[in-house]
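*Asks:* Quick one: the structure is below, questions incoming.
The values are calculated or read from the model by the stated rules, or taken from the named source; none is laboratory data. Remember, predicted model here, so these are calculated numbers, not experimental data. Note that each Cβ is placed from the backbone with ideal geometry, even for glycine, and that neighbours are counted across all protein chains shown.
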Amino acid sequence: MTPDDFRRHGHEMVDWIADFLDGVGSERVFPDVSPGDVRSQLPEHPPTEPESFDAVMADLEHIIVPGLTQWQHPGFFAWFPSNTSYPSILGELMAAGLGINAMAWATSPAATELETLMVDWMHELLGLPARFHSQSEHGGGVIQGSASEATLVAMLAARWKVTNGDVNADGDTTRLVGYATSQAHSSIEKGFRIAGIGTDHLRVVEHDDSFAMRPESLRELIAADRAAGLTPFFVCATNGTTSSMAFDPIEQIADVCERDEVWLHVDAAMSGIAALEPEYRWVNDGLDRVDSYSTNPHKWMGINFDCNLFWTADRASLIGALSILPPYLQSAAAEAGAAIDYRDWQVPLGRRFRALKLWFALRTDGVEPTKQMIRRQVGWTQQLAALVGADDRFDIVAPHPLNLLCIARRGATIDESNALTDALIDAANATGTVLFTRTVLDGRSTLRVSIGASATTFDDVADAWQLLSELANSASSTPD
Ligand SMILES: *Cc1c(COP(=O)(O)O)cnc(C)c1O
């Protein structure tokens with residue numbers, strides 16, 4: 001491709017993206033495809049001669065796009081959102097265009113310094129405690145690719161701290177134990193496997209009726225493990241669990257962790273962004289007493305995937321755990337302590353220039369539109385809850401302080417209720433106009449209504465409820 005071709009196709013593609021996002025509501029939310037359908041439409045072997053860009057775009061339009069799940073669709077009520085926004089898309093394009101590697105200050109000074117500034121801007125916008133600020137004595141923040149990576153580096157820092165920096169295989173790590181509820185994200189267990197702690201050393205702390213951690217259960221498990229000669233080292237609490245958006249009681253968990261000197265990480269991947277809006281800043285309660293914290297601008301905030309923010313109050317343990325310095329990575333600026341090398345704050349060496357999309361979005365759109373969207377979507381969730389709550393065919397099965405409503409069909413037995421709920425989810429998703437995900441809450445099959453896509457309007461929520469209500473009456477949702 002020549003520079004002139006690039007200009008032409010680039011302009012066309014930006015137009016294409018704008019048209020696509022404008023019309024995404026007329027696509028199916030979940031595509032009408034079976035496994036293998038997409039691949040079978042594509043040539044089995046790579047081209048031997050260069051093809052035209054137009055031919056690639058034609059296949060994208062006719063084969064790829066119809067095979068996508070449309071996350072920007074107004075009827076997307078599945079998982080949690082993965083919103084994008086125009087300035088963030090342009091920031092992503094610019095990052096690719098500049099083509100730098102942001103692994104260390106010396107590999108691109110401005111990329112590192114802009115990243116530090118962006119995590120500090122976000123620190124201020126979210127109203128986070130001073131101990132996480134990059135200019136605090138011991139803390140700081142970094143942009144990671146995902147909440148899963150944030151959790152993993154948190155547990156590696158905790159392991160480094162509790163073993164006094166022992167990184168050897170014959171060290172104390174075989175006696176380490178950590179804690180989370182069954183409602184915590186699967187990335188906690190994955191992290192335990194990757195870190196070599198092992199799934200059997202992740203204790204399942206009891207949760208209460210609202211699916212939040214019971215601090216008393218945590219206290220008892222830690223005491224039992226200590227008595228057995230084990231070393232409690234890590235607790236992962238969640239602000240807004242993925243299944244039901246439950247909030248673990250951070251203050252009470254911090255009481256336990258401080259007394260026992262156990263690292264406390266708070267995973268607020270989805271709900272942490274609510275703190276942009278002062279009305280919901282209660283989501284930050286207790287964070288001034290935790291060791292690390294993370295939230296995802298790539299979910300609710302409109303910074304396209306990937307963009308996770310991770311803060312710690314103890315950067316020395318994090319860097320201790322992850323810094324290895326061969327000669328080719330050394331630099332005078334870093335050695336003098338005058339610069340940050342973010343490669344020491346994450347698992348990979350190479351780093352994308354993710355700060356750019358945040359900077360573009362914060363400077364052009366700002367956070368006011370996001371705050372208004374959050375307020376609206378929390379309001380719609382409460383309005384929907386009132387409708388569902390007044391309908392004797394449905395139960396609301398978890399608290400809904402923000403923008404996730406967990407509902408289930410009523411049935412004579414739990415099995416009947418679960419069958420009705422599962423059939424309802426399948427029937428609704430099959431229409432292609434909405435997409436919901438299923439979860440199971442203490443044995444109860446549950447339809448999650450996650451109201452978070454930035455394109456969603458109140459009419460979309462009302463239509464979705466009407467659809468569920470109609471389907472609940474029809475034969476398709478009667479159990480076999
Ligand atoms: C979505 C989610 C995650 C995983 O996020 P990634 O950034 O995709 O790794 C972790 N924890 C919670 C609570 C989540 O909702």
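So that you can scan it fast, the table gives a plain yes or no per residue for (1) surrounded by fewer than 24 Cβ atoms within 10 Å (Cβ to Cβ); (2) in the same structural domain as residue 322 (by TED's automatic domain parsing); (3) on the phi > 0 side of the Ramachandran plot:
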residue	(1), (2), (3)
125	yes, yes, no
128	no, yes, no
165	yes, yes, yes
182	yes, yes, no
196	yes, yes, yes
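*Asks:* Among 229, 286, 240, which is the only one that is at positive phi and touching a Lys or Arg at 6+ places or on another chain (Cβ under 9 Å)?
*Replies:* After applying the criteria, what remains is 229.
*Asks:* Please go through (1) away from the ligand (no atom under 16 Å from the Cβ); (2) out of contact with any Phe, Trp or Tyr (no Cβ under 6 Å at 6 or more places or on another chain); (3) among the hydroxyl-bearing types (Ser, Thr, Tyr) for residue 112 and return the number of the only condition it doesn't satisfy.
*Replies:* With respect to (1) away from the ligand (no atom under 16 Å from the Cβ); (2) out of contact with any Phe, Trp or Tyr (no Cβ under 6 Å at 6 or more places or on another chain); (3) among the hydroxyl-bearing types (Ser, Thr, Tyr), residue 112 is out only on (2).
*Asks:* Contact list please: Cβ distance under 6 Å, first residue in region 118-146 and under 17 Å from residue 342 (Cα atoms) and polar (S, T, N, Q), second residue in a strand (DSSP E or B) and away from the ligand (no atom under 16 Å from the Cβ), pairs at least six apart or on different chains.
*Replies:* Close Cβ pairs (under 6 Å, with a partner that is in a strand (DSSP E or B) and away from the ligand (no atom under 16 Å from the Cβ)) amount to 134/140.
*Asks:* For region 336-381, how many residues meet the condition of being under 25 Å from residue 292 (Cβ atoms) and of a type in the set (Lys, Arg)?
*Replies:* 5
*Asks:* I've got another one for you. Which residues, taken from region 18-48, are farther than 30 Å from residue 426 by Cα and either assigned by TED's automatic domain parsing to the domain that holds residue 433 or β-branched (Val, Ile, Thr) (or both)?
*Replies:* Of everything in region 18-48, just one residue is farther than 30 Å from residue 426 by Cα and either assigned by TED's automatic domain parsing to the domain that holds residue 433 or β-branched (Val, Ile, Thr) (or both), namely 48.
*Asks:* Among the residues of region 138-157, which ones are away from the ligand (no atom under 16 Å from the Cβ) and closer than 17 Å to residue 287 by Cα?
*Replies:* 138, 139, 140
*Asks:* Starting from region 283-310, keep only residues that are in contact (Cβ under 8 Å) with a residue 24 or more places away in the chain and outside any loop (DSSP other than H, G, I, E, B), then list their pairs with residues that are surrounded by fewer than 24 Cβ atoms within 10 Å (Cβ to Cβ) and of a type in the set (S, T, N, Q) whose Cβ atoms are within a distance under 8 Å, requiring at least 6 positions of separation or different chains.
*Replies:* These pairs meet every condition: 308/146.
*Asks:* Mind listing just one residue for me: the one in region 225-245 that is buried (at least 24 other Cβ atoms within 10 Å of the Cβ) and near the ligand (Cβ under 10 Å from one of its atoms) and, of those, nearest to residue 199 (Cα to Cα)?
*Replies:* 236
Yes/no per residue for (1) at pLDDT below 95; (2) closer than 30 Å to residue 301 by Cβ; (3) in a helix (DSSP H, G or I):
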{"site": "424", "(1), (2), (3)": "no, no, yes"}
{"site": "433", "(1), (2), (3)": "no, yes, no"}
{"site": "448", "(1), (2), (3)": "no, yes, no"}
{"site": "455", "(1), (2), (3)": "no, yes, no"}
{"site": "476", "(1), (2), (3)": "yes, no, yes"}
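*Asks:* Which members of region 410-422 meet the condition of being outside any loop (DSSP other than H, G, I, E, B) and among the hydrophobic types (A, V, I, L, M, F, W, C)?
*Replies:* 414, 419, 420
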